[in-house]
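In what follows, a single structure is set out as structure tokens and then discussed.
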Amino acid sequence: MELTMAAPPGDTAPTRSPTESGNQSAGDGLVRLGVDVPLRLDSGVELRDFPVAYQTYGRLNADKSNAILVCHALSGDQYLTGTHPVTGRPGWWETVVGPGKVLDTDRYFVLCVNVLGGCMGTAGPKEINPETGRPWGLGFPVITIADMVRAQALLLDHLGIETLFSVVGGSMGGMQVLQWLALYPERVFSAAPIATAAYHSAQNIAFHETGRQAITADPDWHQGDYISHDVIPHRGLAIARMIAHITYMSESSLHQKFGRKLQDREAVTYGFDADFQVESYLRHQGSTFVDRFDANSYLYITRAMDYFDLSEPHGGLLAEAFQGVTSRICVISFTTDWLYPTPESRHIVKALNASGANVSFAEIPSDFGHDAFLLKEPEFWKVLGGFIDGAAEHRGLRG
């Protein structure tokens, strides 16, 4: 089966060359890939002529040796820093990416790609099916983490970047980093998988399934065809976000931030309004998420994470997935991350060691839980920055 993705209305802006972007500015990119040779997905479906959206920061040097690919997590997108065009809020890695920061855009060419199946310009279920003239909905093929990475590799080919100086990402972004090492070891000089795992656990699949069921049980979901009905399954998607957001925090961070504090009242109401601050916080997280994320994309991306198991193609031997890896690698975990706990990172480190890879490991003390890599965590910045600087010195990149 071959699918052709139609260009969205108004998609006429030319792709910006990475060398046209100044050190202090960002560049928007939207390209169509798979035009001559389609992208074959793990499902067996072929995607031809499909859009991929990305954002760049900094300047690509003359020999194209300073490119850092940042892979985003489930609820992220390509907008790492600056003002997000949809939410008006700062980009999701504002603390890490920028001039003089850990990923220094005065020194490196940083790019981030909206994943395949996403909802910020890359091919996904909200795009138009050229055969029907309507959004794909559930007609869009199911994708995997490996499919996302293959699409990113096609983009790098388009940009003329043969080797990445580094590929960095947390959570689902870390899964993409590991998949890069497994699929394209020769194209990765250094890599930092953060707060991630080599496979999705039964517990994490269970959380995702609960969220998916909340979405599909919403009467406004319409079997995935809600766009044609001019509605959004906002209640189901908000609940899915609330469930997921709990897993991103730690018990200690919830206690420190909220405890049992009441929300704008002196006593409980003996009802089902948001009596507690934590309830109000979760409701806010759910409602704002609906404004920027597509419900079907949530289904597709969580399913891609559930299918992720880097060892499965190798008979359950994770070390076999990393054969041929010569990259410098730093695996990072956080003490209170119970979504992807430290033993899962140690499992990755052990497999990389068994394959002969050059790997280091750091467990960062933090009260923030899984979301620590997104928040103000100076020790994490120090570790990641030290790794990047060391790799740059080894690569011969000048400051």
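The values are calculated or read from the model by the stated rules, or taken from the named source; none is laboratory data. Fair warning: this is a prediction, and the values are worked out from it, not measured in the lab. Cβ coordinates were reconstructed from backbone atoms using ideal geometry, including for glycine residues, and neighbour counts include every protein chain displayed.
Okay, residues lined up against (1) aliphatic (A, V, I, L, M); (2) farther than 28 Å from Arg187 by Cβ:
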| residue | (1), (2) |
| --- | --- |
| Tyr340 | no, no |
| Asn353 | no, no |
| Asp367 | no, yes |
| Phe373 | no, no |
| Ala392 | yes, no |
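When the stretch 159-178 is examined, which residues are found to be buried (at least 24 other Cβ atoms within 10 Å of the Cβ) and either assigned to a strand (DSSP E or B) or among the charged types (D, E, K, R) (or both)?
Leu164, Ser166, Val167, Val168, Gly169, Gly170
Which pairs do you get when a residue that is outside the structural domain of Thr342 (by TED's automatic domain parsing), found in the stretch 250-267, comes within reach of a residue that is surrounded by 14 or more Cβ atoms within 10 Å (Cβ to Cβ) and hydroxyl-bearing (Ser, Thr, Tyr), reach meaning Cβ atoms under 6 angstrom, with the pair 6+ apart or on two chains?
Close Cβ pairs (under 6 Å, with a partner that is surrounded by 14 or more Cβ atoms within 10 Å (Cβ to Cβ) and hydroxyl-bearing (Ser, Thr, Tyr)) amount to Ser250/Thr336; Gln263/Ser280.
Residue by residue, here is whether (1) on the phi > 0 side of the Ramachandran plot; (2) touching a strand residue (DSSP E or B) at 6+ places or on another chain (Cβ under 6 Å); (3) among the hydroxyl-bearing types (Ser, Thr, Tyr); (4) in contact (Cβ under 8 Å) with a residue 40 or more places away in the chain holds:
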position	(1), (2), (3), (4)
Leu138	no, no, no, yes
Ile143	no, no, no, yes
Met172	no, no, no, yes
Val177	no, yes, no, yes
Tyr184	no, no, yes, no
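In contact (Cβ under 8 Å) with a residue 60 or more places away in the chain, under 26 Å from Leu310 (Cα atoms) and of a type in the set (Gly, Ala, Ser) - does that describe any residue in the stretch 211-225?
Yes: one or more hits.
Matching residues to (1) crowded, with 24+ Cβ neighbours inside 10 Å; (2) under 27 Å from Asp225 (Cβ atoms); (3) modelled with pLDDT under 95:
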| site | (1), (2), (3) |
| --- | --- |
| Arg59 | no, no, no |
| Leu74 | no, yes, no |
| Leu80 | yes, no, no |
| Thr87 | no, yes, yes |
| Trp93 | yes, no, no |
| Lys126 | no, yes, yes |
| Ile143 | yes, yes, no |
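For the stretch 94-132, give me each residue that is closer than 16 Å to Val167 by Cβ and either over 13 Å from the mean Cα position of the chain (by Cα) or of a type in the set (Lys, Arg) (or both).
Val96, Val97, Val102, Leu103, Tyr108, Phe109, Val110
Within the stretch 350-365, restricting attention to residues that are within 16 Å of Gly174 (Cβ to Cβ) and not charged (D, E, K, R), which residue is surrounded by the most Cβ atoms within 10 Å (Cβ to Cβ)?
Leu352
Determine which member of the set Met148, Met120 is aliphatic (A, V, I, L, M), in the same structural domain as Asp77 (by TED's automatic domain parsing) and outside any helix (DSSP H, G or I).
It is Met120.
Being in contact with a Gly (Cβ under 9 Å, 6 or more places away or on another chain) and buried (at least 17 other Cβ atoms within 10 Å of the Cβ) is the requirement here; does Ala214 meet it?
So Ala214 fits the description; yes.
Of all residues in the stretch 372-383, count the ones that are in contact (Cβ under 8 Å) with a residue 24 or more places away in the chain, surrounded by fewer than 23 Cβ atoms within 10 Å (Cβ to Cβ) and in a helix (DSSP H, G or I).
So the answer is 3.
Is it the case, given these coordinates, that Pro125 is in the same structural domain as Asp49 (by TED's automatic domain parsing) and in contact with a helix residue (DSSP H, G or I) (Cβ under 6 Å, 6 or more places away or on another chain)?
Yes: the conditions hold for Pro125.
Looking only at the stretch 293-317, filter to residues that are assigned to a helix (DSSP H, G or I) and free of Cβ contacts under 8 Å to residues at least 60 places away in the same chain; which one of those is nearest to Trp221 (Cα to Cα)?
Top of the filtered list is Pro313.
Please find, within the stretch 216-257, the residue that is farthest from Ala372 (Cα to Cα) out of those that are small (Gly, Ala, Ser) and not in a helix (DSSP H, G or I).
Ser228
If the requirement is being farther than 26 Å from Gln203 by Cα, surrounded by 15 or more Cβ atoms within 10 Å (Cβ to Cβ) and in contact with a Phe, Trp or Tyr (Cβ under 9 Å, 6 or more places away or on another chain), which of these qualifies: Arg328, Arg260?
Answer to the selection: Arg328.
Could you check the stretch 350-383 and list, in sequence order, the residues that are in contact with a strand residue (DSSP E or B) (Cβ under 6 Å, 6 or more places away or on another chain) and within 25 Å of Ser252 (Cβ to Cβ)?
Phe361, Ala362, Glu363, Ile364, Ser366, Ala372, Phe373, Glu379, Phe380, Val383 - these are the residues of the stretch 350-383 that are in contact with a strand residue (DSSP E or B) (Cβ under 6 Å, 6 or more places away or on another chain) and within 25 Å of Ser252 (Cβ to Cβ).
Considering each of Glu320, Glu279 in turn, give the residue that is over 21 Å from the mean Cα position of the chain (by Cα), in a helix (DSSP H, G or I), of a type in the set (D, E, K, R) and under 30 Å from Arg235 (Cβ atoms).
Of Glu320, Glu279, the one residue that is over 21 Å from the mean Cα position of the chain (by Cα), in a helix (DSSP H, G or I), of a type in the set (D, E, K, R) and under 30 Å from Arg235 (Cβ atoms) is Glu279.
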